[in-house]
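Peer 1: Take this structure, written in structure tokens, and hold onto it; I'll ask about it next.
Values quoted throughout were computed directly from the atomic coordinates according to the rules given, and no laboratory measurement underlies them. Note that the structure is a prediction, hence the values are computed from the model and not measured. Don't worry about glycine lacking a Cβ; one is built from the backbone with ideal geometry, like all the others, and counts go over all protein chains shown.
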Amino acid sequence: MHIGTTLTNYIIETQRKLPEATGEFSGLLNDISVACKRISDLVNKGDLVGMLGSAESQNVQGETQKKLDVVTDEIFVEALAHNGHIAGLVTEEMEEIYQLPASAPRGRYLLLCDPLDGSSNIDVNVSVGTIFSIVRAPEGRDDPSTEDFLQPGTEQIAAGYCLYGPSTLLVLAVKGQGVQMFTLDRDFGEFILTHQDIQIPEDTKEFAINMSNQRHWEAPVRRYVDECLAGKEGPREKDFNMRWVASMVAEVHRILCRGGVFMYPLDEKIKAKGQNGRLRLMYEANPMSMVIEQAGGAATTGRQRILDLQPEGIHQRAPVVLGSKNEVEHITHYHSEA
Ligand code: F6P
Ligand code: MN
């Protein structure tokens, strides 16, 4: 594979390496890229096509939906429901899993996705993204159940994200095939391979956390951030930098490019709401953890590997600590000592 090749070519060549591939998986990746291109176009045009602002509705998690949350969800359904590449689909915006129309051909895969992540950033023209996760559908079942979707992250066949920033980038991790980055050439509408086999530096001096939650944090997180803030004079003996975009896709992308650590840990405020984390396991934490691990990084809840979690619900939440390997291990070690 060479820099400058198209995503379409990459997909075809990857398919050749997988002996059992029938072309369905390639078709699915292509469907996802089409959905992402449509979303990229709308995000880009923004106000010009009346896409900004609230939809005056709430999603299943009780969050106010933006117009783009609703539209991007429809784009995914439209791009996937009739092509015969999936047996089922679920997104952040859906209360229940989406049942394909009876007339639609069934495929061998299930898709889980967050069509528009970081949506608080839409109206202020800051990066947003799409996150997706692909697992196998159970054989011989036309209408998979919710339980069929509840597979641990280790079962993902592929995962990735599309970042709608100054450039539109698609980052793809096919199981065992590394992590590749494609940049959308808007003039001729193709994703072009621009970075191959991305590897995250094992060490870092950059962390990302929402500092406004500091008073709610658990002791190990408090200790870790305090030590970062103490800089050269503290126990870490180096100055740290901090970033918080409030778009997980942008955060993960920065880490992929130059290392770093991203945390949305469990804290007292989250616990008081009866939740187990802020981010959603199935279509945020799991796919991002797969991308990060395949690029040589690590992803834990602070206490255990995210990809090993046995999911119990489609919209279940999980604490997230991910990024440069040594830094994630450091934070996880602090949790085990506490
Ligand atoms: O989907 C959740 C999300 O938008 C992530 O993209 C982002 O990392 C996080 O929420 C931002 O959280 P907060 O609103 O606490 O800054
Ligand atoms: Mn999200």
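Peer 1: Please list, by residue number, everything in the stretch 294-338 whose backbone N is under 13 Å from a paramagnetic label point 7 Å out along Cα→Cβ of E237.
Peer 2: From the stretch 294-338, the list is empty.
Peer 1: Taking a ≥ b ≥ c as the square roots of the eigenvalues of the Cα gyration tensor of the stretch 255-296, is the shape rounded (a/c under 1.5), prolate (a/b larger than b/c) or oblate?
Peer 2: oblate
Peer 1: Mean residue ellipticity at 222 nm from the helices of the chain, using -39,500 (n - 2.57) per DSSP H segment of n ≥ 4 over the full residue count, to the nearest 500 deg cm²/dmol?
Peer 2: -9000 deg cm²/dmol
Peer 1: Under a point-charge model restricted to the Cβ atoms of Lys and Arg (+1) and Asp and Glu (-1), what is the dipole moment magnitude of the chain relative to its Cα centre, in debye to the nearest 20?
Peer 2: 580 debye
Peer 1: Quick check on my link table: of K17/K37; K205/K232; K67/K273; K205/K325; K67/K269, which ones sit more than 18 Å apart, alpha carbon to alpha carbon?
Peer 2: K17/K37; K67/K273; K67/K269
Peer 1: Taking neighbour Cβ counts within 10 Å as the exposure measure, how do T130, T300, T183, T146 sort from fewest upward?
Peer 2: Placing the least packed residue first, the sequence is T146, T183, T300, T130.
Peer 1: Which of the three applies to the stretch 9-108, rounded, prolate or oblate, going by the alpha-carbon gyration tensor with a ≥ b ≥ c and a/c under 1.5 meaning rounded?
Peer 2: Judged from the Cα gyration tensor, the stretch 9-108 comes out oblate (a/c at least 1.5, b/c at or above a/b).
Peer 1: Beta carbons within 10 angstrom, averaged per residue: use that to sort the peptides 18-25, 38-45, highest first.
Peer 2: 38-45, 18-25
Peer 1: First obtain the Kirkwood hydrodynamic radius of the chain from its Cα pairs, then insert it into the Stokes-Einstein equation at 25 °C and 0.890 mPa s, and state the resulting D in µm² per second as a whole number.
Peer 2: Translational diffusion coefficient: 121 µm²/s.
Peer 1: Sticking with this structure for a sec: Out of all DSSP beta bridges with both ends in the chain, state the antiparallel percent to the nearest 5. Before the final figure, lay out the partial values.
Peer 2: Details: 47 of 56 bridges.
Close to 85 percent.
Peer 1: Sort out for me the Cα centre separation of the stretch 59-85 from the stretch 134-192, rounded to whole Å.
Peer 2: With the stretch 59-85 and the stretch 134-192 each reduced to a Cα centre, they are spaced 16 Å.
Peer 1: Can you work out the FRET efficiency for the pair A21 and D185, with r the C-beta to C-beta distance and R0 = 22 Å, to the nearest 0.05?
Peer 2: Step by step, r from the Cβ atoms, then E = 0.25.
Peer 1: With 10 angstrom as the radius, rank F207, F76 by how many other C-beta atoms surround their C-beta, starting from the fewest.
Peer 2: F207, F76
Peer 1: Could I ask something else about it? What dipole magnitude, in Debye to the nearest 20, does the stretch 7-195 give about its Cα centre under +1 on Lys/Arg Cβ and -1 on Asp/Glu Cβ?
Peer 2: 660 debye
Peer 1: Still on this structure, please answer the following. By the scheme Lys and Arg +1, Asp and Glu -1, what is the net charge of all other residues having a beta-carbon under 13 Å from that of P265? If you can, show how the numbers build up before the last one.
Peer 2: Details: positive: R222, R223, K269, K271, R278, R303, R317; negative: E218, D267, E268.
In short, +4.
Peer 1: Which one of S145, G50, T204 is farthest out on the positive end of the charge dipole of the chain, using unit charges on Cβ (Lys, Arg +1; Asp, Glu -1) and the Cα centre as origin?
Peer 2: T204
Peer 1: Only counting other Cβ atoms within 10 Å, I'd like M51, M263, M288, M211 sorted with the fewest neighbours first.
Peer 2: By the 10 Å Cβ count, ascending, the order reads M211, M51, M263, M288.
Peer 1: Name the aspartates and glutamates eligible as straight-distance cross-link partners of K175: C-alpha to C-alpha under 19 Å, and not fewer than 8 places from it in the same chain.
Peer 2: E13, E20, E24, D31, E155, D197, E284, E293, D308
Peer 1: May I ask for the net charge around D69, where only other residues with Cβ less than 9 Å from the Cβ of D69 are counted and Lys, Arg are +1 while Asp, Glu are -1?
Peer 2: In short, -2.
Peer 1: If you line up the Cα atoms of the stretch 68-120 on their principal axes, what length do they span on each, largest first, in Å?
Peer 2: Between the extreme Cα coordinates on each principal axis of the stretch 68-120 lie 36, 16, 15 Å.
Peer 1: Calculate how many DSSP beta bridges within the stretch 7-195 are antiparallel, expressed in % of all such bridges and rounded to the nearest 5.
Peer 2: Expressed as a percentage, antiparallel bridges in the stretch 7-195 total about 90.
Peer 1: How much length is gained if the chain between T8 and A338 is pulled fully straight, taking 0.36 nm per residue apart and subtracting their Cα-Cα distance, in nm to one decimal?
Peer 2: Length gained between T8 and A338: 114.0 nm.
Peer 1: Could I ask something else about it? Which of the three applies to the stretch 7-195, rounded, prolate or oblate, going by the alpha-carbon gyration tensor with a ≥ b ≥ c and a/c under 1.5 meaning rounded?
Peer 2: In terms of gyration-tensor shape, oblate.
Peer 1: Tally Lys and Arg at +1 and Asp and Glu at -1 over the other residues with C-beta under 14 Å from the C-beta of A137: what net charge comes out? Write out the running numbers ahead of the final one.
Peer 2: Numbers: positive: R106, R108, R136, R141; negative: E24, E139, D142, D143, E147, D148, E155.
My count for the surroundings of A137 gives -3.
Peer 1: Suppose the chain between D47 and D308 were pulled fully straight at 0.36 nm per residue; how much longer would it get relative to their current alpha carbon spacing?
Peer 2: Between D47 and D308, full extension yields 89.8 nm more.
Peer 1: Using unit Cβ charges (K, R positive; D, E negative) and no other charged atoms, how large, in debye to the nearest 20, is the dipole of the stretch 206-337 about its Cα centre?
Peer 2: 320 debye
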